[in-house]
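Okay, structure first, notes after.
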Amino acid sequence: MLQTQLSAKDSIKITGVTLHTVRTRRRTGAISSHIVLELATDAGIVGLGEISDLDCYRMYMPDPEAVRVGIEKVALGQNAFEIAALHERLLAYMPVYFRYANNYPPFTPASQIAAGVEMAFYDIVGKAFGTPVYNLIGGKVRDSFEITYPVFQAKKESDTERYLGYTAELVAEGVNRFRYYVGVDFDQDERFLKAFRDRFGNSVQLKALDFQGHFHWRDTLRIYERFKEYDFELIESPCWAEDYEGMSELRRRIDVDISEHISSQAQAMRMIKAGAVDVFNITIQSGGIYQAKKLFDLAEAAGLKCLISTTQEMSLGTAANAHLAAVIPQLHYAGDPVGPLLYVEDVVTEPLRYEGTRLIVPTGPGLGFELDRDKLEALRGPLLEWDRPAHGANYVSD
């Protein structure tokens, strides 16, 4: 076996970079764009990664050819075992990721590219040693974790019944925890929330209202007071970007926890100093597993709560989030990685598995998945089409 032939002195060198641009449909009909990454090696192992859900960036969508050339600069000829060194090279070419705050979305093309490349490196190392990624980053403390399904803003009256319809389908599948985005039309939001509670009562949980960082803290406070009867556990991204003082003031005036996305160490330290949040909302999209784990360590040191976040990846990217979640001792709220439930298509032979509201951590070598070439080819397409419905950073179209 290959893994028995390796020693601490051995290395596996990257010999080739291949990118595939694909598009996947959501249950709602919206389409998300992704880049699937393959790194070939001199050991015959192919590492898989994913640069996920890129539709936040319609005005500055990454150019796949430029991304491929950039990845070749940092990966070709390099030892896949040396992930810390990989991040030093990535930071040399993309110094903005993980060093500067990006509140909403809590990631940038640079940080997502870094996450995708790192994902493939970890996949190679795990496959080389015949072990899951979680054993490379501390060893798992859980086999599964709770998840939350997103429901996007109801913008018109007909959305309410349509959203309730697919929510009912999910409830029938065993999913009973949701989070809801607010802010396009608060009157319409209230009609949806009332109908949601009338239809499902307390049989489902509403984890969060997500304000997407669009509002002054006083406006968020007014909506919180108006909507709190609908029984949610926390509010997410409640204030304008970097208004940590306003967030702190809001935190003193409400009875639920405040959760915010954390995209850099500097941002985390500012939030801790300002007393702005109760919950660090952390995803590998801030720059990969190696960097995101540092944010969990900061939260633990500051006595804050944590949850595992997402941009909604396919199975490869969701698996990377799952391996990280498997090793974090304390996850205080249900996480958000539900891409394989959200999308009706995927590029792997068998999608990541869920049981009701629990994501099952994969146990195969590396990330635990292999590409299905037929599915990959069927989903191939350009990253950007302006007129198609998609989810984006400051708008949601289904």
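The values are calculated or read from the model by the stated rules, or taken from the named source; none is laboratory data. Fair warning: this is a prediction, and the values are worked out from it, not measured in the lab. Glycine gets a Cβ as well: all are built from the backbone with ideal geometry, and neighbour counts include every protein chain shown. Surface areas here come from the heavy atoms of the whole protein model, side chains and all, with no ligands, DNA or RNA. Shrake-Rupley method; radii C 1.70, N 1.55, O 1.52, S 1.80 Å.
Here are the numbers for the structure shown:
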| read-out | value |
| --- | --- |
| Value of relative contact order over region 71-218, rounded to a whole percent, pairs C-alpha under 8 Å and six or more apart | 19 |
| Contour minus Cα-Cα distance for GLU169 and THR131 (0.36 nm per residue) | 10.1 nm |
| Residues ARG89 and ASP198, FRET efficiency given R0 of 41 Å [Cβ-Cβ distance, rounded to 0.05] | 0.15 |
| Alpha-carbon gyration tensor eigenvalues x 5, square-rooted, for region 257-384, Å | 30, 15, 13 |
| Portion, in percent, of the accessible area of the chain that falls on carbon or sulfur, probe 1.4 Å | 50 |
| Estimated [θ] at 222 nm from DSSP helical runs (n ≥ 4, -39500 (n - 2.57)) normalised by residues in the chain, nearest 500 | -11500 deg cm²/dmol |
| Added length on full extension, which subtracts the Cα-Cα distance from 0.36 nm per residue, GLU65 to HIS216 | 50.4 nm |
| Percentage, to the nearest whole number, of Cα pairs in the chain over 37 Å apart | 18 |
| Dipole magnitude of region 25-169 about its Cα centre (Cβ charges: Lys, Arg +1; Asp, Glu -1), debye to nearest 20 | 240 |
| Amide N proximity, region 11-32 versus LEU376 label position 7 Å along Cα-to-Cβ, cut-off under 20 Å | 13-25, 32 |
| Full-extension gain in nm, VAL256 to ALA301, via 0.36 nm per residue minus C-alpha separation | 14.0 nm |
| Net dipole in debye of region 84-207 [+1 Lys, Arg Cβ; -1 Asp, Glu Cβ; about Cα centre; nearest 20] | 260 |
| Antiparallel content of DSSP bridges confined to the chain, in %, to 5 | 55 |
| With Cα atoms, 0 to 90° folded angle of helix 64-75 axis to the chain main axis | 60 |
| 1.4 Å probe accessible area per residue over region 253-339, in Å² | 26 |
| Förster radius 56 Å - calculated FRET efficiency between GLU82 and GLU245, Cβ distance, rounded to 0.05 | 0.85 |
| Accessible area expressed per residue, region 16-170, with surrounding protein chains retained (probe 1.4 Å, Å²) | 34 |
